[in-house]
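The structure appears right after this line, and notes come after that.
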Amino acid sequence: MSMGPNYTPDGGPWRCGRCGCALEQGKVQAEYLQSAFDVFLPRCPQCGLTMIPRSLAEGKMLEVERLLEDK
Amino acid sequence: MSLPWAHPLFRAVSGGEWHPGGTAATERLWRACRAALTDGAGHGTDDARDAARPLRVLDAGCGEGAAALRLAAEGQRVVALDRTSQPDWRHSSFPAAGASRPLFCAADIRRIPLRDGWADVVLCQCVASLLSRPENFFAEAARVLRPGGVLGFSDLVRRDEAQGRPAVCDTASPLSLSGGCAAGAHRREAWERLLRTAGFRLLSFTDESRELARLTAQLVWYGDGESLRQIGLDGAAGCRSVCRKGSRPGYGVWVAVNTRQTI
Ligand SMILES: [Zn+2]
């Protein structure tokens, strides 16, 4: 699918800890148990380090993990 | 509540085939059905001329018809039925030269408009649980299949320990067992009893619950709050997060042969 949820950083501007660059919204693909999920996340334009906002980790990501683990 | 596959989110995620596993699952089921016919489980195909002819396939509950179009494109004679006619039946692209086109028809799959013994293969994917009296569909499938014809069947399977125990899920969720489209899910043994009663001999069962989990996960991931509410996956009372495995349906696939000896 070309679409995907968009997650901005939790509160305020963030910089990459390695490069010091300001994070930019970009499309990344999360993969879990052979399923791929597109999502727009803040990432470092230089090294590609991606930030996973807490709202995502504790929200959709957790739900999807539980569903895929079939628990 | 409307059925979840009428929703644009479901259509976008499921990619044209409205059952868990999509195209790949249909291909697996089709290959298994063909193998069952050639293995002689579906005797009557020994005659070389008979084996070379196109197979007569009924797709019972065809939805938009993607699977029917593919089977017709590979040269099979396909009749595809669904309860309501779909715009795609008319608009789908015409097949390559030489390939036939499925005959699409709006019909109740518990009253199939085909003569006795017409079909070599009947496919029915994730549809029977939507029916009241699904046994009428199995009886019809046995009637329209020739002796030795093969049924490829898949549907939602109850996995809770004790039959009749109320599911803990939100009653509004179509994918929960207590309401919506999973309400017609049966335990594996109950589906198999329906198949045997209609005169089928079971050849194989495959647990494809993982495909259902994948489809649900895609819906949850790509759906916004509003869409998920509309298809009943809004997580009311945190349902979809906290449901135990046993209270979510699984998904099973069967291949069975029609044991009737005469038409
Ligand atoms: Zn960086």
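All of the numbers you see were taken from the coordinates with simple rules; none came from a lab. A quick note: this is a predicted structure, and the numbers were derived from the prediction, not measured. Cβ atoms come from the backbone with ideal geometry, glycine included; neighbour counts cover every protein chain shown.
Taking the DSSP bridge list for chain A and keeping only pairs wholly inside it, about 90 percent are antiparallel. The mean count of C-beta atoms from other chains within 10 Å of the C-beta of residues in A:30-43, rounded to a whole number, is 2. Working from the Cα coordinates of chain A, the gyration tensor eigenvalues give, after taking √(5λ), semi-axes of 24, 13, 11 Å in decreasing order. Per residue of peptide B:207-219, the mean number of Cβ atoms on other chains within 10 Å of the residue Cβ is 4. Remark: spin-label model distance A:Phe40-A:Glu58 equals 2.4 nm, labels positioned 7 Å along the Cα→Cβ axis. With the simple spin-label model, which puts each label point 7 Å out from Cα in the Cβ direction, the B:Ser85 to B:Thr259 separation comes to 4.0 nm.
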